[in-house]
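The values are calculated or read from the model by the stated rules, or taken from the named source; none is laboratory data. Since this is a predicted model, take the numbers as computed values, not measurements. Every residue, glycine among them, receives a Cβ derived from its backbone with ideal geometry; neighbour counts consider all protein chains shown. Please note that ligands, DNA and RNA were not included when accessible areas were found on the heavy atoms of the full protein model with its side chains. Shrake-Rupley method; radii C 1.70, N 1.55, O 1.52, S 1.80 Å.
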Amino acid sequence: MSFKSDVKNKIIGYYNRQLDAHESNIVRKALADEDFSIEKNPKPKKTEKIAIVVGSIMQFSGGHTSMLRLGTGLCELGKDITYISFNNQDEDNMQEIAKANLAGVKGKFLKYENADKSGYDIIIATSWQSVYYVRNFSGYKAYFVQDFEPYFFKLNERYLLAKKTYELGLHIISLGKWNLEQIKRNCNVPENEKLDYIDFPYEPKEYSAGERDYSSYSGKKKISFAVYSKEDGKRIPNLLQVMLEKASKVFNEKGYEIEVNFFGFNKSTKLSFGNNLGKLNKEEMKSLYEKSDFGIVASMTNISLVPYEMLAMGLPIVEFKDGSFPFFFPENTAMLVDYNYNSLVEEVIKSVENPNHIAGMMENSHNYLKTLSWKNSCKQFKDIIENI
């Protein structure tokens, strides 16, 4: 074995040992007080004091922002909301990051170690890990499900423990119907377990369509794409890069030039194709949408806010037939493609050659978006917990 190969193997071995230790730590902490019994979850006497349990609030996290929007909306509807970090994140740090994610955030922030485990009427889990901490509280236990998290992992302990959280008798309230379909298909749901959902909303105050002239797409030979992806496998980052690189060659052969701008990755991530703009704040995303001709999002698990925001800004989007987009939006609201890069080329060129097709899709999408808002979805959540 060469010196170079020996060093490489040592680095790989060290990485795997560290990863194993990380996995072990997550599992052991989550299961410290766990016996996997099914929650009886008797009806709460009141629904006023609500704890929302999260790991650590992270900046630029769409999931955490949605959780904060829910808590803030419930506050505005008269509920007493406390966000509790099971990682014991510093409370001032929690609040600072929460305000960066959502300027008007409402509610209190608390470390798990400082929380009164019997002081809340309802305790809401927000991730598979948080379920195992919520189980240590004495109030009514709900589970705000934003995605089917077993899909995030290989078939390992975390996959199995994530799947198990849907089988423990907590009251599941899903963001949209798609998660409920995955839970029913893949899990053994107890008879006493309640399964509800609220509409997947977006915030119309933050993203609204400007004046976009779709007739200007006619004859366009240089086409720019805003592509949302992340290192996370559910965002098919490598598949997207390969697909777009191959598509670019076909576009060139047909007389088109494309510009591909990825956002959502860490800025340090090296891409095989396209420009990496890194993680963007709201104003930066809005600016990118305004400058781009098309958006591309791979909603392979539960849909994210990004396609809603792109459409609200008037940006036509490309989504995947095999993903969850068709589960949430009506027909003819996006260009749906498969993994064959030629389908992407065909759909985009068809739209460029027929701008009325784009205008029709955008009209359909905006008519649907008018039915959605976080205010409505928070009211749905409130009605669910008050009618347990």
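The criterion of being of a type in the set (V, I, T) and within 23 Å of E149 (Cβ to Cβ) holds for I303.
For the residues S299, S377, the requirement of being under 22 Å from the mean Cα position of the chain (by Cα), under 24 Å from L175 (Cβ atoms) and touching a residue at least 60 places away in the same chain (Cβ under 8 Å) singles out S377. Within region 173-193, if we keep just the residues that are buried (at least 22 other Cβ atoms within 10 Å of the Cβ) and closer than 20 Å to K375 by Cα, the residue that is farthest from the chain's Cα centre (by Cα) turns out to be I173. Pairs are defined by a Cβ separation below 6 Å, a sequence spacing of at least 6 or placement on different chains, a first member in region 43-67 that is closer than 16 Å to I97 by Cα, and a second member that is β-branched (V, I, T) and part of a loop (DSSP other than H, G, I, E, B); the pairs so defined are V54/T126; H64/I57; M67/T126. State which residue is farthest from I303 (Cα to Cα) when the search covers only region 233-260 and only residues that are part of a helix (DSSP H, G or I) and among the aliphatic types (A, V, I, L, M). Among them, the one singled out is V250.
The set of residues in region 120-138 that are open to solvent by 20 Å² or more (accessible area, probe 1.4 Å) and either basic (K, R) or more than 22 Å from the chain's Cα centre (by Cα) (or both) comprises Y120, D121, R135, N136, S138. If only residues of region 202-214 that are among the hydroxyl-bearing types (S, T, Y) and at pLDDT 80 or above are counted, the one that is least open to solvent (accessible area, probe 1.4 Å) is Y202. The residues in region 215-267 that are in contact (Cβ under 8 Å) with a residue 40 or more places away in the chain, open to solvent by 60 Å² or more (accessible area, probe 1.4 Å) and under 16 Å from the mean Cα position of the chain (by Cα) can be counted, and the count is 0. All of (1) in contact with a Cys (Cβ under 7 Å, 6 or more places away or on another chain); (2) open to solvent by 60 Å² or more (accessible area, probe 1.4 Å) hold for N114 with one exception: (1).
Would it be correct to say that D196 is under 30 Å from H366 (Cβ atoms), open to solvent by 60 Å² or more (accessible area, probe 1.4 Å) and of a type outside the set (V, I, T)? No, not satisfied.
Flag: S66 matches the condition of being open to solvent by less than 50 Å² (accessible area, probe 1.4 Å) and not in a loop (DSSP other than H, G, I, E, B). Just one of the listed residues (M362, M300, M285, M310) is farther than 21 Å from M67 by Cα, surrounded by 17 or more Cβ atoms within 10 Å (Cβ to Cβ) and touching a helix residue (DSSP H, G or I) at 6+ places or on another chain (Cβ under 8 Å), and it is M362.
If P330 passes every condition in (1) in contact with a helix residue (DSSP H, G or I) (Cβ under 9 Å, 6 or more places away or on another chain); (2) closer than 30 Å to G78 by Cα; (3) surrounded by fewer than 16 Cβ atoms within 10 Å (Cβ to Cβ) but one, which one does it miss? Failed condition: (2).
Mind checking which residues of region 80-106 are open to solvent by less than 30 Å² (accessible area, probe 1.4 Å) and within 11 Å of I50 (Cα to Cα)? Result: I81, T82, Y83, I84.
Test of understanding: among K117, K164, K99, K154, which residue is under 22 Å from the mean Cα position of the chain (by Cα), in a loop (DSSP other than H, G, I, E, B) and either at pLDDT below 95 or more than 26 Å from D322 (Cβ to Cβ) (or both)? Step by step, each of K117, K164, K99, K154 is checked, and only K154 is under 22 Å from the mean Cα position of the chain (by Cα), in a loop (DSSP other than H, G, I, E, B) and either at pLDDT below 95 or more than 26 Å from D322 (Cβ to Cβ) (or both). Of all residues in region 334-359 being open to solvent by less than 80 Å² (accessible area, probe 1.4 Å) and charged (D, E, K, R), which is farthest from E319 (Cα to Cα)? That would be E347. Considered as a group, the residues in region 147-166 that are farther than 14 Å from Q129 by Cα and not aliphatic (A, V, I, L, M) include one that is surrounded by the fewest Cβ atoms within 10 Å (Cβ to Cβ), and that residue is K154.
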